[in-house]
Amino acid sequence: MSSALALRLVDAPEAEALSSRPVGLEWTDEAVLAETTAIAEGPLSAAAAAIDHGAYPLDIMGQLGSAGALGVHLDRHGARIGLSLAAMQAASRSCGATGFLMWCHDVCGLYFEQSANPALAGAVLDDHVAGRTFGGTALSNPMKAFAGIEPILLRARRVPGGYRVSGMLPWVSHIGPGQYCGAIAGVLGAGEAISHEIMFLLRCDRAELRPCPQFSGMEGTSTWGVRLDEYFVGRDDLIADPARPFIGRIRGAFILLQCGMGLGVVEGSLDAMLSVEETLGHVNQFLDDRPDRIAAELAELRARVMRLAETPYDGATDYLIDVLDVRAQTSELAFRASQSALLHQGARGYMMSAPPQRRIREAHFVAIVTPAIKHLRWEMARLSREVLPSGAGTGGRA
Ligand SMILES: Cc1cc2nc3c(=O)[nH]c(=O)nc-3n(C[C@H](O)[C@H](O)[C@H](O)COP(=O)(O)OP(=O)(O)OC[C@H]3O[C@@H](n4cnc5c(N)ncnc54)[C@H](O)[C@@H]3O)c2cc1C
């Protein structure tokens, strides 16, 4: 018997025992953060430049999944949104693109769990959470459509047993053969008007994935155009019907979780500033946004984010405005920190391979990914008008 075969035979019952063991028993706060940090500072830090140039780090995502970094935000694992944010921040400190992949994966898991569809719970969700299967989210367009910014791009028609969906989304990340993502389509009713929307699990193997043009960053996020042509959605793949109340419920968590990515980019920029303090501090002292200032702002913003993470499903308008505000502040701080990192490093930071170069492109992505800064401000203005209707002398909620 070859030694490889012997090994497989010996390992088989062990592997079976492992896969039938409940997922997440060992995911204490300390263990998740320690393991995520070890992955971030080890293999992820070593791979960050390659990921920036297009390597899709599914192996590292698998490691992050088995460390618990992709599941602890879910109710079944203690609804530890703060811990999930901290894990995403630790990874993004080394690589913003991987932080974005974690966010895509996290919210996809949230869709599964919050759907209350038994076909999307159990082993399917366990595999997702543990990083044995992978999937993202195609919600940029519907989020903007619900805010009144643009029309919805996927259209569904009711058919026996479900819906047929057609349309094209220009970019969806963390997908590929065998993968999936959460998506939303407008249902066409009488007179071709949209009666309501459905949210469903889109399986990439039944969709057409089209290559995207080259981006200035996020090249390692496996981002594709997705075309659907009479794609069938059955009951087992329905996440929500209608979709709007569901989105209303998870919107706070969806937006808040993105802060982990931005806070990590700030922290990575801070590392870059500090790394040249000894050699260039005498002249860098004349720069604005020095490390002590960025560190203080980061700590304050992070504390605000963590406070909001304690009640992620708070449906109050004031709460949502606060979430939108910290998300926008995170983008703005990432801008300032990444620009300052480049100024602190000077020519060495201006090299194409230098981390501050990558940080600047990552910070710009944090600012344009939905909800983009302009979208956040649009929503804050709209909600503030609702809370304080013009002409209402006594104020109060509309
Ligand atoms: C690298 C990358 C990864 C992304 N990953 C995801 C993801 O995983 N899931 C997801 O839902 N969204 C994803 N997006 C989309 C992203 O969240 C934003 O929706 C997008 O950047 C545009 O947002 P905006 O508010 O700036 O729209 P605007 O720039 O104001 O654009 C308005 C509309 O025009 C569309 N548009 C603009 N330029 C083009 C173009 N060249 N071709 C086709 N349409 C165009 C935009 O998508 C948008 O809907 C990704 C975008 C990028 C660049």
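The values are calculated or read from the model by the stated rules, or taken from the named source; none is laboratory data. What you see is a predicted model; the values in this text were computed from it and never measured. In this analysis, Cβ positions are derived from the backbone assuming ideal geometry, glycine residues included, and neighbour counts consider all displayed protein chains.
Could you list, in sequence order, the residues of the range 366-375 that are surrounded by fewer than 22 Cβ atoms within 10 Å (Cβ to Cβ) and in a helix (DSSP H, G or I)? So that I can check it myself, show each step before the final result.
Applying the first criterion (surrounded by fewer than 22 Cβ atoms within 10 Å (Cβ to Cβ)) to the range 366-375 yields 367-370, 372-375.
Hits for the range 366-375 are A367, I368, I373, K374, H375.
All but one of (1) among the hydroxyl-bearing types (S, T, Y); (2) within 26 Å of E41 (Cβ to Cβ); (3) in contact (Cβ under 8 Å) with a residue 60 or more places away in the chain hold for Y319; which doesn't?
Of everything listed in (1) among the hydroxyl-bearing types (S, T, Y); (2) within 26 Å of E41 (Cβ to Cβ); (3) in contact (Cβ under 8 Å) with a residue 60 or more places away in the chain, Y319 misses just condition (2).
Give, as residue ranges, the strands (runs of 3 or more DSSP E) completely inside the range 125-203 that count at least 2 residues that are closer than 19 Å to Q114 by Cβ and within 15 Å of the ligand (Cβ to nearest atom).
Working: elements: 135-137, 155-159, 162-172, 180-188, 194-203.
Because the criterion is at least 2 residues that are closer than 19 Å to Q114 by Cβ and within 15 Å of the ligand (Cβ to nearest atom), the strands (runs of 3 or more DSSP E) in the range 125-203 that meet it are 135-137, 180-188, 194-203.
Looking at R361, R385, R336, which one is more than 15 Å from the ligand (Cβ to nearest atom), modelled with pLDDT of 95 or more and assigned to a helix (DSSP H, G or I)? Show your work before the answer.
Values: R361 fails: more than 15 Å from the ligand (Cβ to nearest atom); R385 fails: modelled with pLDDT of 95 or more.
When all the criteria are applied, what remains is R336.
Could you tell me whether any residue of the range 239-253 is within 10 Å of the ligand (Cβ to nearest atom) and in contact with a helix residue (DSSP H, G or I) (Cβ under 7 Å, 6 or more places away or on another chain)?
No, that holds for no residue.
Considering every residue within the range 231-250, establish whether at least one is outside any strand (DSSP E or B), among the hydrophobic types (A, V, I, L, M, F, W, C) and over 30 Å from D318 (Cβ atoms).
Quick first cut of the range 231-250, residues outside any strand (DSSP E or B) only: 235-237, 241-250.
Among the residues that remain, those that are also among the hydrophobic types (A, V, I, L, M, F, W, C) are: 243, 246-247, 250.
Still in the list and also over 30 Å from D318 (Cβ atoms): none.
No; the residues of the range 231-250 include none that is outside any strand (DSSP E or B), among the hydrophobic types (A, V, I, L, M, F, W, C) and over 30 Å from D318 (Cβ atoms).
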